[in-house]
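As structure tokens, the structure follows; a few thoughts come after it.
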Amino acid sequence: MKIFALLLILANLVLAQSRREVPMLVTVPWLENYLPQPGLVILHVGSQKDYDAGHIPGARLATLADLSVTGEAGLRLELPAPATLSAALGRLGITPNSRIVIYPANESVQSATRVWLTLEWAGLAARASLLDGGLAAWQAAQKPLETTARAAAETPAPAVVPHPELLVDRNWVRDNGQKPTVALLDARLPQFYTGAEQGIGTRPGRIPGARNLPFPTLLDADRKLKPAAELRQLFAEAGVTDSKQLAIYCHIGQQATLLYFAAKSVGFEPKLYDGSFQEWSMQADFPVATGK
């Protein structure tokens, strides 16, 4: 039975990759070989300061503010309206035919995976990859940097076709989060999960029924994703199985995207609770759990 399950996972991974034009996760040698290809857009996810200090040749600066909005209820890092996001992607030089490589400028891998999630929601994930190890891996391989800004000319913006099935809302989490058929993961650090410290939100604690899988545990010492077998084991220890629906949250929907990306890379079909604990804690009639 275990062998059959493993074969099914591998088959699903092969099928998923066959639908992709580029791998989800790419290495420095892959990117170096791909650099001369036309239609490649590289996104440096960080700040103007670190972009000016040095970036991968040809990269364009993408900040989280470029690709998100603050909602009417004050929720941070929300997905923009399709037309707004389409225009923002066009300003970054992304066209309907672009292939996109995203990398974090610093240790915030979760910022880059948030951009990847945004592209997946927009229907562009088949052509979007994450550079494993980010800018640090590029520099460690002694590859060149440039400091000249690459301003993107206005281009035909890609059509944004929202994929709401990738997300769940607070009512779904309230109604399903504690069902035995659902694995609900909290990606925050343990002190926020237990409520020992209050993070972003009006109350400390967690959503009842959630298990804690802190986002840094999925990365190695070089801030690269751990091997697939180790990732599968970490998810298994957190109660995730192939027969359960996986939903993930964090503070505002950023750290959770690292778990989301990792889960998808090893064959799961996760969903993101984008409002995350910031939204949940605002609902006075929604319960909050504390302690280990």
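Values for this structure:
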{"item": "Which numbered condition Ala62 misses (of (1) touching a Leu at 6+ places or on another chain (Cβ under 6 Å); (2) more than 14 Å from Leu119 (Cβ to Cβ))", "result": "(2)"}
{"item": "Qualifying residue in the range 199-212 (condition: under 18 Å from the mean Cα position of the chain (by Cα) and either part of a strand (DSSP E or B) or assigned by TED's automatic domain parsing to the domain that holds Phe277 (or both))", "result": "yes"}
{"item": "Hey, Leu259 more than 29 Å from Thr70 (Cα to Cα), in a helix (DSSP H, G or I) and not small (Gly, Ala, Ser) or not", "result": "no"}
{"item": "Checking His251 against (1) surrounded by 22 or more Cβ atoms within 10 Å (Cβ to Cβ); (2) assigned to a loop (DSSP other than H, G, I, E, B), the condition it does not meet", "result": "(1)"}
{"item": "Thr257 surrounded by 15 or more Cβ atoms within 10 Å (Cβ to Cβ), among the polar types (S, T, N, Q) and touching a Ser or Thr at 6+ places or on another chain (Cβ under 6 Å)", "result": "yes"}
{"item": "Any hit, the range 90-109, residues being part of a helix (DSSP H, G or I), under 13 Å from the mean Cα position of the chain (by Cα), under 20 Å from Tyr260 (Cα atoms) and of a type in the set (S, T, N, Q)", "result": "no"}
{"item": "In the range 231-246, residue surrounded by the fewest Cβ atoms within 10 Å (Cβ to Cβ) [restricted to those that are of a type outside the set (A, V, I, L, M, F, W, C) and out of contact with any strand residue (DSSP E or B) (no Cβ under 8 Å at 6 or more places or on another chain)]", "result": "Ser243"}
{"item": "All positions within the range 223-244 that are over 18 Å from the mean Cα position of the chain (by Cα) and either in contact (Cβ under 8 Å) with a residue 60 or more places away in the chain or part of a helix (DSSP H, G or I) (or both)", "result": "Ala229, Glu230, Gln233, Ala236, Glu237, Asp242, Ser243, Lys244"}
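The values are calculated or read from the model by the stated rules, or taken from the named source; none is laboratory data. Since we're looking at a predicted model, the values are computed, not measured. Please note: Cβ atoms are built from the backbone with ideal geometry, for glycine as well, and neighbour counts cover all protein chains shown.
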